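Asks: First, the structure itself, so that you have it in front of you.
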Amino acid sequence: MSARNEAVVYGINAALALAQHRPQSILRVFHHRDVRREVAPLLKAAATGRRPYREVDAEALQKLAQTTHHEGVVVVSTPLPLVGFDTLLAGVRPDALYVALDEVGNPHNLGAILRSAAYFGAAGVLVPESERQAALSAAAVRIAQGGAEVVPCCGVPDLAAALRRLAERGIASVAADTRGGVGIGRFTWPRGVCVVMGNEGEGLRAEIRSACAHRITIAGGGAVESLNVSVAAGILLAFAAQRGGPQAA
């Protein structure tokens, strides 16, 4: 298999989630002896699929992962696929929770948002097909702590158009704005909702903001101008998940 058809997944939770949800995607496994017991389900999945796995030292793992944050395990796998928007749209439920990211460029922020999206039962994360948007890199997948395997990530060429099509299916888009929106404590969440987060520096583009039915603001004490986008997304998802329906359990 060509290297361009391979991806690296590292970190214990990310690797275990891969073994649970996409065992057929495992190609090769490398692990440190200290984590053998923790990654036993991964090794079992590799053995079942007749994929090689090998115990290596920390230096080899760092070279494979290109980082020291490998947590003792590196998996070479087929890439995690993006879901097509038509496929995502076909499965829309009227009470579903989605997240849309408008050119969130930091892979750690993408990973943290995917983790929160999985925790609060989101049905999908929409991202624009833009060079400014962080990709599902190995770093993003590790930070997601398994969330990248649970929540479908959907790439769209026109995010504003995608939000309007979601609205036609009863999913109202709620834009996170640093000022001028309805206070989070006073906002009545729609049954079906897509939380829309902007870029770390510039926030939401005008065309994305105009495609949203609502704007919401998280008020702070004023000591700093704004929250990190992944922190803000986690707060909004926590509120959205309590609106009723299956996410409110």
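Asks: Per residue of the stretch 42-57, what does 6.51 cos²θ - 1.76 cosθ + 1.60 with θ = phi - 60° give for ³J(HN,Hα)? Whole Hz please, x for Gly and Pro, Karplus curve as stated.
Replies: Rounded to whole hertz, the list is 5, 5, 5, 5, 5, 5, 4, x, 6, 9, x, 9, 8, 7, 9, 8.
Asks: Go through the stretch 1-71 and name the trypsin sites (Lys or Arg not before Pro) that are in a DSSP coil and have 16 or fewer other Cβ atoms within 10 Å of their Cβ.
Replies: Working: sites: R4, R28, R33, R36, R37, K44, R50, R54, K63; in loops: R36, R37, R50.
Hits after loop and neighbour filter: R36, R37, R50.
Asks: Sticking with this one: Just round it to a whole percent: the fraction of Cα-Cα distances in the stretch 1-123 exceeding 18 Å. Provide the component values of the computation, followed by the final result.
Replies: Working: 4445 of 7503 pairs.
Percent of Cα pairs beyond 18 Å in the stretch 1-123: 59.
Asks: Counting helices only, and only those DSSP H runs with n ≥ 4, report the 222 nm mean residue ellipticity of the chain as the sum of -39,500 (n - 2.57) divided by its residues, in deg cm²/dmol to the nearest 500.
Replies: Details: 10 runs with 84 residues, N = 249.
Counting only the DSSP helices, I get -9000 deg cm²/dmol.
Asks: With θ taken as phi - 60° and the coefficients 6.51, -1.76 and 1.60, list the Karplus ³J(HN,Hα) couplings across the stretch 12-20 in order, rounded to whole Hz; mark glycine and proline as x.
Replies: Ordered by residue, 3J(HN,Hα) equals 4, 5, 5, 5, 5, 5, 4, 4, 6 Hz.
Asks: When the Cα atoms of the stretch 68-175 are enclosed in a convex hull and the volume is divided per residue, what value in Å³ results?
Replies: On the way: hull volume 11.3 nm³, N = 108.
For the stretch 68-175, the hull spanned by Cα atoms encloses 104 Å³ per residue.
Asks: Determine ³J(HN,Hα), in whole Hz, for all residues of the stretch 180-189 in sequence, where each value follows from phi through the Karplus function 6.51 cos²θ - 1.76 cosθ + 1.60 and θ = phi - 60°; x replaces Gly and Pro.
Replies: Karplus values, whole Hz, x for Gly and Pro: x, x, 5, x, 4, x, 9, 7, 9, 6.
Asks: Here's a follow-up. Here are labelled values, (i) 130; (ii) 142; (iii) 109, and one is the computed volume of the Cα convex hull per residue in Å³ for what I pasted. Which one?
Replies: (ii)
Asks: May I ask you to derive the relative contact order of the chain, considering only C-alpha pairs under 8 Å and at least 6 residues apart, and to give it as an integer percent?
Replies: This gives 20 percent for the chain.
Asks: Here's another thing I want to ask about it. Can you pull out the GluC sites (Glu not before Pro) in the stretch 167-249 that DSSP calls coil and that have at most 12 other Cβ atoms within 10 Å?
Replies: On the way: sites: E168, E200, E202, E207, E225; in loops: E200, E202, E225.
For GluC sites (Glu not before Pro) across the stretch 167-249 that sit outside H, G, I, E and B with at most 12 neighbouring Cβ atoms in 10 Å, the list reads E202, E225.
Asks: What is the local net charge at S226, summed over the other residues whose Cβ is closer than 13 Å to its Cβ (Lys, Arg +1; Asp, Glu -1)? Spell out each step's value before the answer.
Replies: Details: positive: R179; negative: D177, E200, E202, E225.
My count for the surroundings of S226 gives -3.
Asks: Now, a different point. Enumerate the whole-percent occupancy of each 5 Å bin, from 0 to the last occupied one, for all C-alpha pair distances of the stretch 110-173.
Replies: For the stretch 110-173, the pair-distance distribution reads 4, 19, 25, 23, 18, 9, 2.
Asks: A follow-up question, please. Tally Lys and Arg at +1 and Asp and Glu at -1 over the other residues with C-beta under 12 Å from the C-beta of G192: what net charge comes out?
Replies: On the way: positive: R93, R169, R191, R243; negative: D95, E168.
Local net charge: +2.
Asks: With the contact rule set at Cα under 8 Å and sequence spacing of 6 or more, what percent relative contact order holds for the stretch 3-77? Each step should come with its number before you reach the end.
Replies: Values: 130 pairs, mean separation 36.4, N = 75.
After rounding, I find 48 percent.
Where a number appears in this text, it was derived from the coordinates with a stated rule and is not lab data. All values reported here derive from a predicted model rather than from experimental measurement. No Cβ is skipped: glycine too gets one built from the backbone with ideal geometry, and neighbour counts run over all protein chains shown.
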